[in-house]
1. If the chain between His230 and Lys199 were fully stretched, how many nm would it gain, using 0.36 nm times the residue separation less the Cα-Cα distance?
2. Compute the normalised compactness of the range 121-262: alpha-carbon radius of gyration over 2.2 N^0.38 Å, N being the residue count.
3. Let me know the shape class of the range 276-338, please: from the alpha-carbon gyration tensor, a ≥ b ≥ c as square roots of the eigenvalues, rounded when a/c is under 1.5, otherwise prolate if a/b is greater than b/c, or oblate.
4. Quick check: from the Cα gyration tensor, does the range 38-125 come out rounded (a/c under 1.5), prolate or oblate?
5. Only counting other Cβ atoms within 10 Å, I'd like Ser219, Ser312 sorted with the fewest neighbours first.
6. Considering every Cα-Cα pair within the range 192-295, what fraction, in whole percent, is farther apart than 22 Å?
7. What number comes out for the charge environment of His215, summing +1 per Lys or Arg and -1 per Asp or Glu over other residues with Cβ under 10 Å away?
8. Looking at the chain, what % of its DSSP beta bridges pair antiparallel, to the nearest 5?
Amino acid sequence: MAAALASQVLAYTPDVAKATASLYVKVAKIIPEIEWPVFAPLIVEINRLKKERDAVILAHNYQTPEIFHCVADFVGDSLQLAREAAKVDAKIIVQAGVHFMAETSKILSPDKIVLIPDLRAGCSLASSITGADVRLLKEKYPNLPVVTYVNTSADVKAESDVCCTSSNAVAVVESIAAERGVDTVIFIPDTFLAKNVAKQTKIKIIAWHGKCEVHERFSVDEVRRFRADHPGAIVLAHPECPPEVVAECDFAGSTSAMIDYVAKKRPPRVVMLTECSMNDNVAAEYPDVEFLRPCNLCPHMKRITLQGILRSLQTMQYEVKVEPSIAMRARAAVERMLQVGKPTPAVR
Ligand code: 13P
Ligand code: SF4
């Protein structure tokens with residue numbers, strides 16, 4: 001209601017056009033001029049309210065370009081956002097991402113107010129496992145450490161020995177195995193990430209059956225068709241893709257690792273097997289690279305909009321809270337991950 005009101009009141013005036021002109025230059029390649037009058041007044045108001053409220057916006061690489069390039073204070077993959085959340089100065093963190101990311105921010109910054117603009121921004125991996133499931137796994141394998149992908153609820157993290165993201169998973173698995181003197185770890189909940197990690201280490205992995213609903217849809221046939229239709233195109237994949245898809249690619253890594261690959265190597269044509277907004281966000285920055293788009297949308301990430309962010313700053317909703325005893329145990333697992341810190345090398 002507040003956002004609807006705001007967008008009625010907020011007009012695309014000459015002042016708004018002037019104030020947002022330099023931002024539009026950043027996104028002109030991907031946001032048609034005709035759409036800018038809708039976004040620009042919201043951007044001005046969000047950037048004003050952020051200062052007034054002492055808030056920062058942490059935005060994941062899958063956020064839409066008008067969020068990623070025009071209102072975010074920090075952007076990155078899950079690991080980079082967690083690191084930012086741990087050291088942020090502002091009173092309020094608005095998480096432009098999904099719920100587990102907001103929980104991670106709250107776990108690492110318990111004294112801050114953490115807001116998520118839409119409570120429906122979930123994740124198929126996070127909803128594939130509960131704390132009770134992890135307790136059962138620990139009963140079944142009492143001596144094995146539990147390595148937990150950050151795409152999980154605080155409850156699940158609290159039952160875990162250490163967390164990881166796609167950019168440090170191998171290093172985390174190897175470090176906890178060495179510390180405990182074991183050759184096997186439990187790795188939850190992403191079965192494909194588990195298999196992709198297992199290919200890069202001698203440590204044996206017991207996996208869960210979770211899948212990312214966005215990345216599981218990429219197929220080997222699709223990659224081969226793309227290579228046939230676009231000879232010379234470089235194919236990048238997120239390690240949440242099935243292992244046989246990753247095996248067909250030139251490089252696999254976290255969302256930020258894929259961005260770095262494009263930034264450093266500047267391939268003339270690239271295919272990113274990941275969420276669609278990543279292509280847009282990177283395309284905006286590298287006009288010399290052609291992005292071919294067999295991408296899939298994450299419906300959860302797309303719950304976050306400029307209108308929602310504005311409403312969140314206006315109404316201070318929805319505040320993400322984590323029960324202190326759960327937060328304390330979850331924090332130990334996340335902080336242990338942050339200490340490992342070594343990025344995972346490319347799969348191939
Ligand atoms: P990254 O940590 O690579 O950004 O991945 C998060 C995610 O949800 C990918 O689907
Ligand atoms: Fe979860 Fe997949 Fe969406 Fe990432 S892309 S938030 S793993 S559902």
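What follows draws every value from the coordinates through simple rules; no lab data is involved. Because the structure is a prediction, the values reported are computed rather than measured. As a convention, Cβ positions derive from the backbone with ideal geometry for all residues, glycine included, and neighbour counts pool all protein chains shown.
1. Numbers: separation 31, 0.36 × 31 = 11.16 nm, distance 2.83 nm.
Taking His230 through Lys199 to full extension adds about 8.3 nm, to one decimal.
2. Against the compact-globule rule of thumb, the ratio is 1.10.
3. Values: a/c = 2.94, a/b = 1.60, b/c = 1.84.
Because a/c hits 1.5 or more and a/b fails to exceed b/c, the range 276-338 counts as oblate.
4. oblate
5. Arranged by neighbour count, lowest to highest, Ser219, Ser312 become Ser219, Ser312.
6. 29 percent
7. After counting each charged neighbour, the total is -3.
8. 5 percent
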